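The values are calculated or read from the model by the stated rules, or taken from the named source; none is laboratory data. Computed from a prediction, not measured in an experiment: that's the story for all the values here. Here the Cβ is made from the backbone with ideal geometry for all residues, glycine too, and neighbour counts use every protein chain on show. Note: accessible area is taken over every heavy atom of the protein model, side chains too, but ligands, DNA and RNA are not part of it. Shrake-Rupley method; radii C 1.70, N 1.55, O 1.52, S 1.80 Å.
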Amino acid sequence: MEDINLYTLLFLVLAGFIAAFIDSVVGGGGLISIPALLFTGISPSAALATNKLAGTMGSLTSTISFIRAGKVDFKFVIKLFPITVIGAALGAYVVHFVSAEILKPLILILLVIVAFYTLVKKDWGKDAKYKGLTRKKMILLIVIIFAIGFYDGFLGPGTGSFLLFSFLIIGFDFVQAAGNARILNFGSNIAALIIFLSMGTVNFAYGIPMGLAMVAGALVGTNFAIKKGASYVRILFICVTILLIGKNVLNYFHIF
């Protein structure tokens, strides 16, 4: 364990709490937690790996909260769980050999589509309309979930938004979509974390305190979303997606 400056610890705890509050519902917490970890001076690879440790703790907490509240179609989503785990593990492995830069233009385009579609469809996700899937649609969903899992292990930011969007498309309301997305996001987090642990890139001195803060943030954020309902989740989803677009634009043009 490294010597941790008290102010650095408090900074990571505060950043972790805020990140998990947002991430527990619609994803995007990495917008806060990864820059916070980079600010401490650790390498980008260590920041990504350490964020997976902390994020896994937070996502497990929010997953349990959504399940207890009955906001998860557990029988349906558990079938997709191994798909996202395999995808994330493969992505976390491949990222050590291939630059993540190749995905950034595509991710930016997808985020813009997600934001535009959600803004235009004002009543979308207000009520649950899921009635099951045909075989062809189920196969397509499996491919999409695998791709999102791979992306989470490979790069990460926006994973929660893409997962939530996928469940909205097939008819779940915003709260149910958020609950289903949390289970799959936990699976991709734990798979990527195992790969990062095997490679020795996780900073436990920073990851554990931030992770404990994320547990608290996830509890507060999830309970708040469940009480406020679909309209609150929709607004938060749009805001985080727009922030993700802005962050990706800045990164793409090397402004930030």
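Which label marks the calculated value of Kirkwood radius over Cα pairs in Å, given the options [x] 17.9; [y] 18.5; [z] 19.1?
Recomputing Kirkwood radius over Cα pairs in Å here gives the entry labelled [x].
Working with all protein chains in place, sort Ile183, Ile86 by solvent-accessible area computed with a 1.4 Å probe, largest first.
Largest to smallest exposure gives the sequence Ile86, Ile183.
Chymotrypsin sites (Phe, Trp or Tyr not before Pro) within segment 38-120: which are DSSP loop residues with at most 12 other Cβ atoms inside 10 Å?
Phe97
In square angstrom, rounded to the nearest 10, how much accessible surface does Met138 have for a 1.4 Å probe?
40
Mind scanning Lys71/Lys136; Lys104/Lys227; Lys136/Lys228; Lys136/Lys227; Lys129/Lys227 and naming the pairs with a C-alpha gap bigger than 32 Å?
Lys104/Lys227; Lys136/Lys228; Lys136/Lys227
Under a Cβ-only charge scheme (Lys and Arg +1, Asp and Glu -1), can you give me the dipole magnitude of the chain about the Cα centre, in debye to the nearest 20?
1120
Using helices alone, what [θ] at 222 nm do you get for the chain, with -39,500 (n - 2.57) per DSSP H run of 4 or more residues, divided over all residues and rounded to the nearest 500?
Calculated at 222 nm, the ellipticity per residue is -26500 deg cm²/dmol.
Can you give the accessible area of Ser33, probe radius 1.4 Å, in Å² rounded to 10?
We get 0 Å² for Ser33.
Report the Cα centroid-to-centroid distance between segment 209-256 and segment 41-77 in angstrom, as an integer.
Between the Cα centres of segment 209-256 and segment 41-77 lies a distance of 13 Å.
With the Cα gyration tensor of segment 1-131 giving a ≥ b ≥ c as the square roots of its eigenvalues, does the rule (a/c under 1.5 for rounded; else a/b larger than b/c for prolate; else oblate) give rounded, prolate or oblate?
prolate
Taking θ as phi - 60°, what are the ³J(HN,Hα) couplings along segment 9-23 by the Karplus curve (6.51, -1.76, 1.60), each to the nearest whole Hz, with x for Gly and Pro?
3J(HN,Hα) across segment 9-23, in whole Hz: 4, 4, 4, 5, 5, 5, 4, x, 5, 5, 4, 6, 4, 6, 5.
Taking only the Cα atoms of segment 181-256, how large is their convex hull per residue, in Å³?
130
Helix 104-120 versus the longest principal axis of the chain: what is the Cα-based angle in degrees, 0 to 90, to the nearest 10?
Roughly 40 degrees, rounded to the nearest 10.
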